[in-house]
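Only the coordinates and a few stated rules stand behind these numbers; no lab work does. None of these values were measured; they are calculated from a predicted model.
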Amino acid sequence: MTKKIYVIYTGGTIGMRPTDSGYAPSGNMMALLEEKLPEHVQAELPDFDLVEYEQLIDSSNIRPDNWKQIATDIADHYDQYDGFVVLHGTDTMAYSSSMISFMLRNLDKPVIFTGSQIPLCEARTDGLENFVGALTLAADERIKEVCLYFNGRLMRGNRARKQNAYLFDAFDSPNFPWLGRADINIELSEYLLLKPSQKPEFMLDCDSNSNVAILQLFPGITADFVEATLNQPFKAFIMRTYGTGNGPDGDQALLDALKKATDSGKIIVNLTQCHRGTVHQGSYAAGSALANAGVIGGLDTTTEAMFCKLHHLLSCGKTPEQVTAQISIDLAGEISL
Ligand code: ASP
């Protein structure tokens, strides 16, 4: 039986058109796809229905409410379709694919995010291959998780990162192997795919207010700057440190600012600024000092995935203690243990 896929068009370069101020989101995606995919080509692809959101966005405008809309839309259509494709801008796609992986857990159908670097309306678009690949993968019943497909690579959604602003190779999965590749044949690394044993769980709560912020260390960062940042009304902070999770342990005032914040119930998670790698706060004294200040190591979770994990857990009403306990627990394949 032919598979039926639900395609959600949220905006992004894939459907953009040129304007006086540069590319901007534009509607009528279905007409564009029909123009690019003649009937005899469409006949080779899974059937799909496309929904176009009323407010199409450049994904740099993404807000938690957009995540709620996407997750709710998938949950509402979950039983009627075999798989889902989300057309999304590349700039924040790794955040959205991470967030949806936490909101829709134990999936038993594929949810594939994709987009493009050049719009579909342009001659050299990469959007067509990305769309056709994502649609094909969304019909593959071996996939039971949120993925990101781009330029022939299938990646776990909460492991992917935008790594390049101008190559077609826009995404990579620095701390986890690709789940598959689409060349002449589509090959999946089945042993890497999630195999949920529990029923799908839709946790659609998504606080519209931001509860999570990101603090990046830089040479010469001051205790005052750190304290002022941590005093902002956020419940959790990701601190992007050096190497395996090191910070300026020679600055006692800065360590005191961290300790004061964690003692007051703020969550601070240590992630590395390196593109690839994992945090081990005990490897160096400069990392141990952060652990002693109450900072929690986030291992190899990407900044995007940790941001969404924290946002999700706080949105679900978890206490700081409960959130802290889940940071190093694998919820949706986002962390290597
Ligand atoms: N600014 C665009 C967006 O994220 C970039 C893209 O889609 O490639 O919506």
Q: State the Kirkwood hydrodynamic radius of the stretch 18-123 in Å, one decimal place, computed from all pairs of distinct Cα atoms.
A: 15.3 Å
Q. Most mobile of 19, 229, 302 per a Gaussian network model of the chain (Cα springs, under 10 Å)?
A. 19
Q. Given a cut-off of under 8 Å on Cα pairs at least six residues apart, what relative contact order in percent is computed for the stretch 6-150?
A. 30 percent
Q. With contacts defined as alpha carbon pairs under 8 Å and 6 or more residues apart, what's the relative contact order of the chain in percent?
A. 15 percent
(Q) Give me, ordered by chain and number, the residues 5 or more places off residue 269 or on other chains with an amide H under 5 Å from its own placed amide H. (A) 237, 238, 239, 296
Q) What is the spread of the Cα atoms of the chain along each of their three principal axes, largest first, in whole Å? A) 68, 50, 35
Q: Convert 10 °C to kelvin, take the viscosity as 1.306 mPa s, use the Kirkwood radius over C-alpha pairs of the stretch 93-154 as Rh, and evaluate the Stokes-Einstein diffusion coefficient in µm²/s, rounded to a whole number.
A: 131 µm²/s
(Q) Given the -39500 (n - 2.57) contribution per DSSP H run of 4+ residues, what per-residue ellipticity at 222 nm results for the chain, rounded to the nearest 500 deg cm²/dmol? (A) -8500 deg cm²/dmol
**Q.** Extension gain (nm, one decimal) between residue 328 and residue 275, 0.36 nm per residue minus Cα-Cα
**A.** 17.1 nm
Q: Note the full-extension length gain between residue 190 and residue 232 as 0.36 nm times their separation in residues minus their Cα-Cα distance, in nm to one decimal.
A: 10.7 nm
(Q) Explain nothing, just compute: Karplus ³J(HN,Hα) = 6.51 cos²θ - 1.76 cosθ + 1.60, θ = phi - 60°, for every residue of the stretch 163-173 in order, whole Hz, x for Gly and Pro. (A) 10, 8, 8, 10, 8, 5, 6, 7, 10, 9, 10
**Q.** Candidates 176, 102, 218, ranked by Gaussian network fluctuation over the chain, Cα under 10 Å, top entry
**A.** 218
(Q) How tilted is helix 64-77 with respect to the longest principal axis of the chain? Cα atoms for both, answer in degrees (0 to 90, nearest 10). (A) 40 degrees
Q.
Which one, 46, 233, 119, has the greatest fluctuation when you compute a Gaussian network model over the chain with C-alpha springs under 10 angstrom?
A. 233
